[in-house]
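As C-alpha cells, the structure follows; a few thoughts come after it.
The values are calculated or read from the model by the stated rules, or taken from the named source; none is laboratory data. Everything quoted here is computed from the prediction, not taken from an experiment. So basically every Cβ, Gly included, is an ideal-geometry build from the backbone, and we count neighbours across all protein chains shown.
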C-alpha cells in the first residue's frame, strides 16, 4: 500500500472565509474515497491545490514520485466547435486510434466521435471527459461532481467503470447513493478540517451522528455534575467543618470539561417570490418540431400546461430535454409548429450551464443588484443573499472564486429576486448539496 498523497497541516483562506484550517489526510493507492462537504466548504479548492493550480497558504502536500493524476472538471475544457476526437487527441497526446478505442468504452462512436463536443448533451460531454481521463492512464482519479447532467443509464455506466477501475479514486459528490455504490471510504471537509473514515458514506454519517449523541449525553452528565458541585461549594465553603471538602470539590469543578459539539451548519432558505395568482393555460404547443438544421430531435409535439402546474421532463441524455426547453423559451427557433405563452406570463429561466456564464469580475452583491427586479430595495437583496448563505462579507466575494454549488445558489437567488411567475429550470440540482436540494424541493 503506497501513499499517493499526504496532506499535512494544510491552510487556505479567501479573505475571511477559512477553507482549510490545519487540515491533514492521507490518500493511498488501494481505495475509492467519497469526498463530501457542504457547498463552498473547499472541496474543489483542495482538488485544485492537489493538481497544482493553486497554492496553500501554509502546510504542504507530499506527492508520490510516480503519482499520475486524472481530473474530471466541473467546468468544460472544450474549444469552440472542437470535434470529440480532436479534443481527445489534444488533451491526451495519444494517437487517433487509441482515442477512438477508449471513447468506444463509453459508447462514443461514429457521428458522435466525429461531431463537435458542444453539440452533445451534458451527459455525453461527461462521457467524453471520462474517456479523456483514461487516456492519461492515471493511478489516482479526481472526479468533481461526476454525476451532474447524467441520466440513469450513463450513471450506471459510470458506476460500473469506477467499481472496475483498478487504481485509486477521490470522488466529490453530493449524491450519497452514488457514493455508496462506488466508494468504500469517506473523507469529509467541514469547518476547515478533514475527517477520514474507513467505510462507506452512510456508515460515516451514522458514526458521526452517534458521536454527536454521545457527546450530548456526556455533556448532560457533566452539566449535572457541575451544578451539583457548585451547589456543594456554595453551601459549604464558609463552614470550618466542611471547608476542606468544599475546596476539594472546587478543584474537581475546575477539572470538568465539556465535549466539543459542532453546531449545525446553516441551510439555504428558498422562498419563491409572491406573484399574482393566474389561471388557465400558461403555455400551449401545437404540432411542434424541435431540433437543429438538418436534424429533427422530436416532432408532432402537442403540449398544454396550466398556471400552477409542476411539470417534470424526463428522458435519457441526448433525447432532447434541453432542446425542448430552449424551444419553449425561444432561445432556439422551432423547426415547425407553434409555441404560445399565456397573457401576463413572465419567465424566469435557469439554463443547464447558466452558472458558467456569470461575470467573474462581479461580486455576489453586484450581480444580484444587476438582476433584481426594478425597484427592489437593497435590504431585500441582502436578505435574499443571506437566505442563500451569502452572509456578511460573503456578499463581497467575486464570482471567480465561487464553487460550482455557490454559483448555482447565486443563479437561483437571481431568479428569486425577479418578478417571474413561471420558472423554467434545466437541471437545477447540479452542484447543489443535499441540504440545498431539499430546500429547493420544498
Identify, from the list 271, 278, the residue that is surrounded by 14 or more Cβ atoms within 10 Å (Cβ to Cβ) and either under 24 Å from the mean Cα position of the chain (by Cα) or touching a residue at least 24 places away in the same chain (Cβ under 8 Å) (or both). 278
Determine whether the stretch 245-267 contains at least one residue that is surrounded by 11 or more Cβ atoms within 10 Å (Cβ to Cβ) and over 30 Å from residue 222 (Cβ atoms). no
Looking only at residues in the stretch 169-198 that are closer than 25 Å to residue 6 by Cα and part of a helix (DSSP H, G or I), which one is nearest to the chain's Cα centre (by Cα)? 179
Would you confirm whether or not the stretch 396-404 contains a residue that is in contact with a helix residue (DSSP H, G or I) (Cβ under 9 Å, 6 or more places away or on another chain), modelled with pLDDT of 80 or more and either assigned by TED's automatic domain parsing to the domain that holds residue 17 or crowded, with 20+ Cβ neighbours inside 10 Å (or both)? yes
Residue match in the stretch 70-81 (condition: buried (at least 16 other Cβ atoms within 10 Å of the Cβ), free of Cβ contacts under 8 Å to residues at least 60 places away in the same chain and touching a strand residue (DSSP E or B) at 6+ places or on another chain (Cβ under 9 Å)): yes
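Confirm whether residue 349 is under 29 Å from residue 393 (Cβ atoms) and either modelled with pLDDT of 80 or more or within 31 Å of the chain's Cα centre (by Cα) (or both). Break it down into steps so the answer makes sense when it comes.
Numbers: under 29 Å from residue 393 (Cβ atoms): no; either modelled with pLDDT of 80 or more or within 31 Å of the chain's Cα centre (by Cα) (or both): yes.
So residue 349 fails the test.
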Residue 239, sole failed condition from (1) exposed (fewer than 12 other Cβ atoms within 10 Å of the Cβ); (2) over 39 Å from the mean Cα position of the chain (by Cα); (3) not in a loop (DSSP other than H, G, I, E, B): (3)
Go through the stretch 136-154 and give me each residue that's surrounded by fewer than 21 Cβ atoms within 10 Å (Cβ to Cβ) and modelled with pLDDT of 85 or more. 136, 137, 138, 139
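Is it the case that residue 301 is in contact with a helix residue (DSSP H, G or I) (Cβ under 7 Å, 6 or more places away or on another chain), part of a strand (DSSP E or B), touching a residue at least 24 places away in the same chain (Cβ under 8 Å) and under 30 Å from residue 421 (Cα atoms)? Show your work before the answer.
Working: in contact with a helix residue (DSSP H, G or I) (Cβ under 7 Å, 6 or more places away or on another chain): no; part of a strand (DSSP E or B): yes; touching a residue at least 24 places away in the same chain (Cβ under 8 Å): yes; under 30 Å from residue 421 (Cα atoms): yes.
When the stated conditions are applied, residue 301 does not pass them.
Would you call residue 166 assigned to a loop (DSSP other than H, G, I, E, B) and in contact with a strand residue (DSSP E or B) (Cβ under 9 Å, 6 or more places away or on another chain)? Show your work before the answer.
Working: assigned to a loop (DSSP other than H, G, I, E, B): yes; in contact with a strand residue (DSSP E or B) (Cβ under 9 Å, 6 or more places away or on another chain): no.
Answer is no for this residue.
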Looking for something surrounded by 15 or more Cβ atoms within 10 Å (Cβ to Cβ), modelled with pLDDT of 90 or more, out of contact with any strand residue (DSSP E or B) (no Cβ under 6 Å at 6 or more places or on another chain) and not in a loop (DSSP other than H, G, I, E, B) - is there at least one such residue anywhere in the stretch 34-46? yes
